[in-house]
Amino acid sequence: MLHHFLEIHAHRGARSFFPENTIPAFLKAVELGVEAIELDLCVSGDNQVVVSHDPYMQAGLCTAPNGRVLTKSDEKRYLLYTMKYADIVRFDCGRPSAEFPGQQEISAVKPLLADVFRLVERHGKELCEERGMIYNLEVKSRIDGDSVRHPAPGEYAELVAAVIEQSGVASRTRVQSFDARIIEEIRKFLPSLALGLLVGMGQDPETELDKLGFKPDYLNPFFPMVDATLVKKLHDRDIGIVPWTVNSPEEMKALAAMGVDGIITDCPERAVEVLHE
C-alpha cells in the first residue's frame, strides 16, 4: 500500500518568496524542507524542455529584452514553441506577482528542466540534505495545442523522457498531466517512472482513471473533490492521491486526516509548520 509520511509539494517552487518556476523559488523550497517540488514543462522551438506554466511569456511577469513589461497583447506574439531557447533567455521573468505580496523581485529566466535538476541537486548537497528531492513534473499539454503550442504527445513525451533519463534522478521523478495522452506516451519511454493523472472540477476521478490504458501511481485532483471515500477507493487500488492546490491550514489538516499521500501547495512554509510540527 502507499500509506506513508505525507509529502509536501512546493507548487512552482516557493511562490510566497520568489516568482514561480524560477531557480530561486526551487532552491528556497529545498531550504524549507519540503519533500517535493512541483514544476511545469513546456517546449521551445528548438525542442528544449523549458520550465514554464504558460506556453508563452506572461504579461506583467516578464519583460522584453529592451526592459518593457509585457502586456496581454504580447502573449500570442511570444509563444515559447516558436522561439529558440537562446531567445527565451533574453526575457526576464522575475517580476513579482500581485497574487503573492511577499515575492521578491529578482532577475530570472525561464530555466531548462536539466538546469533545475542540476542546481537543485547541488543545493541539496550543500545543505547536507541526504533524503533527495522528489521532482513532480507537470507536462502542460492540450489536444488543441498539438503542433501549435507544444509538440504532439509522442514527440513531447520523448523529449521529456530524454531529459529525465539523463538527469540521474529518475527514481525520484514523477510526471503528471491533465492530458492522459502524455501519461500514456511517457510510460512507453520510461515504464518504471511514477506517473500521475491530474483531474479538475467537473471531472469524475474514477471515470478519468478508466480512460487510461493502465493504472497510474497517483491521482492528483483539485482538493475540494477529495473525501475519505475517494482516498480509500484509491488506496484499495494501490493508487496514491496528492491533491492540489491546498493553501489554508484547515484544508491541510482536513486532507491529512483523510489519509492523502501528499499535498501540492503555494505555501510550503505554512505546510511544513502545520504538517511537520
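The values are calculated or read from the model by the stated rules, or taken from the named source; none is laboratory data. Bear in mind that the values here come from a model prediction, so they are computed numbers and not experimental data. With ideal geometry, Cβ positions are generated from the backbone for all residues, glycine too; neighbour counts draw on all protein chains shown.
Restricted to the range 129-236, the set of helices (runs of 4 or more DSSP H) holding at least 2 residues that are among the acidic types (D, E) comprises 153-167, 180-189, 205-211. Is the range 147-154 home to any residue that is of a type in the set (A, V, I, L, M, F, W, C) and either in contact with a His (Cβ under 6 Å, 6 or more places away or on another chain) or free of Cβ contacts under 8 Å to residues at least 12 places away in the same chain (or both)? Yes, there is a match, as at least one residue in the range 147-154 is of a type in the set (A, V, I, L, M, F, W, C) and either in contact with a His (Cβ under 6 Å, 6 or more places away or on another chain) or free of Cβ contacts under 8 Å to residues at least 12 places away in the same chain (or both).
Screening N21 with (1) surrounded by fewer than 20 Cβ atoms within 10 Å (Cβ to Cβ); (2) at pLDDT 95 or above; (3) under 28 Å from V260 (Cα atoms) gives one miss only, at (1).
Within the range 70-86, is even one residue out of contact with any helix residue (DSSP H, G or I) (no Cβ under 7 Å at 6 or more places or on another chain), among the aliphatic types (A, V, I, L, M), closer than 25 Å to T173 by Cβ and in a loop (DSSP other than H, G, I, E, B)? Checking the range 70-86: not a single residue is out of contact with any helix residue (DSSP H, G or I) (no Cβ under 7 Å at 6 or more places or on another chain), among the aliphatic types (A, V, I, L, M), closer than 25 Å to T173 by Cβ and in a loop (DSSP other than H, G, I, E, B). Please go through the range 96-138 and give me each residue that is in contact with a Gly (Cβ under 7 Å, 6 or more places away or on another chain) and within 16 Å of V51 (Cα to Cα), ordered by number. S107, A108, listed by residue number.
Note on the range 233-277: among residues that are of a type in the set (K, R) and over 30 Å from F214 (Cβ atoms), the one that is surrounded by the fewest Cβ atoms within 10 Å (Cβ to Cβ) is K253. In summary, N220 fulfils each of the numbered conditions (1) surrounded by 21 or more Cβ atoms within 10 Å (Cβ to Cβ); (2) modelled with pLDDT under 95 with the single exception of condition (2). Out of all the residues in the range 117-139, is one or more within 15 Å of P19 (Cβ to Cβ), of a type in the set (A, V, I, L, M) and surrounded by 13 or more Cβ atoms within 10 Å (Cβ to Cβ)? So far as the range 117-139 goes, no, none of its residues is within 15 Å of P19 (Cβ to Cβ), of a type in the set (A, V, I, L, M) and surrounded by 13 or more Cβ atoms within 10 Å (Cβ to Cβ).
Applying the condition of being among the charged types (D, E, K, R) and in contact (Cβ under 8 Å) with a residue 24 or more places away in the chain to the range 55-92 and asking which residue is nearest to H150 (Cα to Cα) yields K84. Pairing residues of the range 117-128 that are small (G, A, S) with residues that are at pLDDT 95 or above and in a loop (DSSP other than H, G, I, E, B), at Cβ distances under 7 Å and at least 6 apart in sequence or on separate chains, gives G124/M133. For first residues located in the range 130-145 and more than 18 Å from V160 (Cα to Cα), partners that are surrounded by fewer than 20 Cβ atoms within 10 Å (Cβ to Cβ) and lie 6+ apart or on another chain with Cβ distances below 6 Å form the pairs G132/R172; M133/G124.
Might you check whether a residue that is under 30 Å from V231 (Cα atoms), under 18 Å from the mean Cα position of the chain (by Cα), in a loop (DSSP other than H, G, I, E, B) and β-branched (V, I, T) occurs anywhere in the range 6-24? No, the conditions are met nowhere in the range 6-24. Look at the range 206-216 and say how many of its residues are charged (D, E, K, R) and surrounded by 16 or more Cβ atoms within 10 Å (Cβ to Cβ). Of the residues in the range 206-216, 1 are charged (D, E, K, R) and surrounded by 16 or more Cβ atoms within 10 Å (Cβ to Cβ). Taken over the range 79-135, the criterion of being modelled with pLDDT of 95 or more and basic (K, R) is satisfied by K84, R90, R95, K110, R118, R122. A residue that is under 15 Å from K28 (Cα atoms) and not in a loop (DSSP other than H, G, I, E, B) can be found somewhere in the range 104-116.
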